[in-house]
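Every number here is computed from the coordinates shown, using simple stated rules; none is lab data. Note that the coordinates shown come from a computational prediction; the quantities given were computed from them, not determined experimentally. Positions of Cβ are generated from backbone atoms using ideal geometry, with glycine treated the same way; all protein chains shown enter the neighbour counts.
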């Protein structure tokens, strides 16, 4: 149960922590670029970042498009490049590493679990995939510990 709790806590805490980081980053980016109400948009981005597939880019991309449409190409390009670029790196490189570190899973396993959960279960699978994978690893480990002597005897041919 401790391992299951560790995996669950790691993934949930990382989701909230990365949501806050992305919201602050987006708010600061909006502040620097002069977008109105950067604190409001930062809070919205932090909340949306926790929801798989919705995320911070659901605010950044429309903001960039609006700036392109009103003729402010520099701000639109900066929001699109600096905003979505950093968020994509955060979601696709940093999140799996943090999930792996906190939950005890290998980084590749956390990434495959996230993507597999996303494909298999849809939006909620982005979080459920690593949780189910962590649960499977814990059960597999417990199975190995319980039947260790039987497995060793089978390997020796007894």
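Kindly put 140, 41 in sequence by how many other C-beta atoms sit within 10 Å of each C-beta, fewest to most. All intermediate terms of the calculation are to be shown ahead of the outcome.
Numbers: 140 10, 41 21.
Fewest to most other Cβ atoms nearby, the residues stand as 140, 41.
Considering the convex hull of the alpha carbon atoms of segment 1-102, report its projected area averaged over all viewing directions, in nm², one decimal. Directional mean of the projected Cα hull area for segment 1-102 stands at 6.2 nm².
How would 40, 68 line up from fewest to most surrounding beta-carbon atoms within 10 angstrom?
Details: 40 11, 68 15.
By the 10 Å Cβ count, ascending, the order reads 40, 68.
With a Förster radius of 35 Å applied to the C-beta separation of residue 54 and residue 74, the computed FRET efficiency comes to 0.80. Per residue, the chain reaches -25000 deg cm²/dmol at 222 nm when only DSSP H runs of four or more residues are counted, each adding -39500 (n - 2.57).
Using 18 Å as the cut-off for backbone N distance, which residues of segment 84-99 belong to the label zone defined by a point 7 Å from the Cα of residue 61 along Cα→Cβ? Hits in segment 84-99 for residue 61 at 18 Å: 84-93. For 24, 86, the sequence from fewest to most other C-beta atoms within 10 Å is 24, 86. Model label points for residue 6 and residue 101, set 7 angstrom from Cα along the Cα-to-Cβ axis, are 1.6 nm apart. The angle between the Cα long axis of helix 2-33 and the main principal axis of the chain comes to about 10°, on a 0 to 90 degree scale.
Taking R0 as 22 Å, what FRET efficiency do you get between residue 84 and residue 16 from their Cβ-Cβ distance, rounded to the nearest 0.05?
On the way: r = 21 Å, r/R0 = 0.96.
Calculated transfer efficiency: 0.55.
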